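All of the numbers you see were taken from the coordinates with simple rules; none came from a lab. Computed from a predicted model, the values in this text were never measured in an experiment. Quick reminder, even Gly has a Cβ in these numbers, built from the backbone with ideal geometry, and neighbours come from all protein chains shown.
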Ligand SMILES: [Zn+2]
């Protein structure tokens, strides 16, 4: 007798989603994965600094707050393999990049290339989910930017090391310490001096992951301080209750 392997609940929910008509992650209306009304309500690109802001955090923009339909879309694409949401999430990152480029006074108005560097998932997360969702969203982001004549490309410059395996639930300081050395730079050539490098990720909370990633990229690719930025789909709101 052959044993059934794999995660039964996620297999079952995957099968149900194949059979049932597609519904909006926000309002549940049938026919679309994320309806324009819900998307418009929650879409709010802004410059973002976590409070407290960790030293070394590059200029950062977020497309939305991590709530409402954005939170549900991120979780559905990330944890339930709802890949039909990737295009919209990639578009949100593209909008955040548009704001980043136009808001940074010290960035050149003309640049040769825009390198998008996704924060890589850990090996275990990639194995569980069957993909690296931020890389997949970033590929869509590149398409949107190229359609707007922005010379963007996705570059897999960051790799996960075995350090900083799980930061979930840690306080900001502990998370920063845990993430030290969590990334290394893969075998990529140094970007040209007129290139801008933008790190892409799904959500930001304390900013510790983005600091660890940008510190690693700055040193590994010998980047100047005004060559580096970061964008995320959504920023979490910290619970300030004592
Ligand atoms: Zn909706």
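Can you compute the FRET efficiency between residue 44 and residue 185 using 1/(1 + (r/R0)^6), with r the Cβ-Cβ distance and R0 = 30 Å? Round to the nearest 0.05.
Approximately 0.35, to the nearest 0.05.
Set the Förster radius R0 to 41 Å, insert the Cβ-Cβ distance between residue 161 and residue 30 as r into 1/(1 + (r/R0)^6), and round the FRET efficiency to 0.05.
The formula returns an efficiency of 0.40 here.
What full-extension length gain, to one decimal in nm, is calculated for residue 226 and residue 84 as 0.36 nm per residue of separation minus the Cα-Cα distance?
47.6 nm
Could you list 101, 199 in order of exposure, starting from the residue whose Cβ has the fewest other Cβ atoms within 10 Å? Mind showing how you got there, number by number?
Details: 101 20, 199 26.
The most exposed by this proxy come first: 101, 199.
Relative to the present Cα-Cα distance, how much length would full extension add between residue 236 and residue 143 at 0.36 nm per residue of separation? Mind showing how you got there, number by number?
Values: separation 93, 0.36 × 93 = 33.48 nm, distance 2.66 nm.
Length difference between fully extended and current span is 30.8 nm.
Given a Förster distance of 30 Å, report the FRET efficiency between residue 75 and residue 122 from their Cβ-Cβ distance, rounded to the nearest 0.05.
Between residue 75 and residue 122 the formula returns 0.95.
Kindly identify the range 84-137 as rounded, prolate or oblate by the Cα gyration tensor criterion: order the square roots of the eigenvalues as a ≥ b ≥ c, call it rounded if a/c is under 1.5, otherwise compare a/b with b/c, prolate if a/b is larger, else oblate.
prolate
What is the range 46-235's relative contact order, in percent, from Cα pairs under 8 angstrom and six or more apart in sequence?
Numbers: 343 pairs, mean separation 61.5, N = 190.
Over the range 46-235, the number comes to 32 percent.
In what sequence do 205, 156 fall when counting other Cβ within 10 Å, fewest first?
On the way: 205 17, 156 14.
By the 10 Å Cβ count, ascending, the order reads 156, 205.
What is the fewest-to-most order of 202, 81, 44 by other Cβ atoms lying within 10 Å of their Cβ?
44, 81, 202
Rounded, prolate or oblate: pick one for the range 46-235, where a ≥ b ≥ c are the square roots of the eigenvalues of its C-alpha gyration tensor, a/c under 1.5 means rounded, and failing that, prolate if a/b is larger than b/c, else oblate.
Here the range 46-235 falls in the rounded category.
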